[in-house]
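Here's the structure we're looking at; comments come further down.
Each reported figure results from applying straightforward, stated rules to the coordinates on display, with no laboratory input. Keep in mind that what you see is a predicted model, and the values were worked out from it rather than measured.
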Amino acid sequence: MENKNNDEINNLFDEDETFETITMTDEDGIETDFVIIDAIEVDKTKYLLVVSSDEAKSDEPEAAILKEISSNNKDSYYEFIEDDNEFKKISVLLQDNDSDYEMEF
């Protein structure tokens with residue numbers, strides 16, 4: 001996955017706020033843009049709370065948490081968290097991170 005800025009996506013939430021976006025490419029080569037809502041580092045591992053750019057304007061968008069699995073000077077690679085315990089732990093930490101959003105589990 002590579003980071004990609006997109007002005008249209010950056011202005012979805014509030015004209016004064018900008019959000020970084022990333023593009024994930026699945027195993028079939030299909031690209032999906034995500035807006036990064038929040039980020040946290042736990043035990044030297046980076047996690048991103050993201051919303052699909054297609055859902056960003058929704059009143060209650062579904063968010064996902066991505067875990068960085070590797071990084072170099074040019075690209076970072078992420079995967080969706082599949083472990084339920086890890087997901088719950090990171091969700092709680094993100095919510096407690098002085099967030100401006102609410103999460104429902």
Report task. Run down the lysines and flag those whose C-alpha is under 27 Å from the C-alpha of LYS88, throwing out any fewer than 8 positions away in its chain. Result -> LYS44, LYS46, LYS57, LYS67
Query raised in the report: So who's got an amide H within less than 5 Å of the one on GLU20, skipping anything under 5 residues away but keeping other chains? H placed 1.01 Å off N, in plane.
Result: ILE36
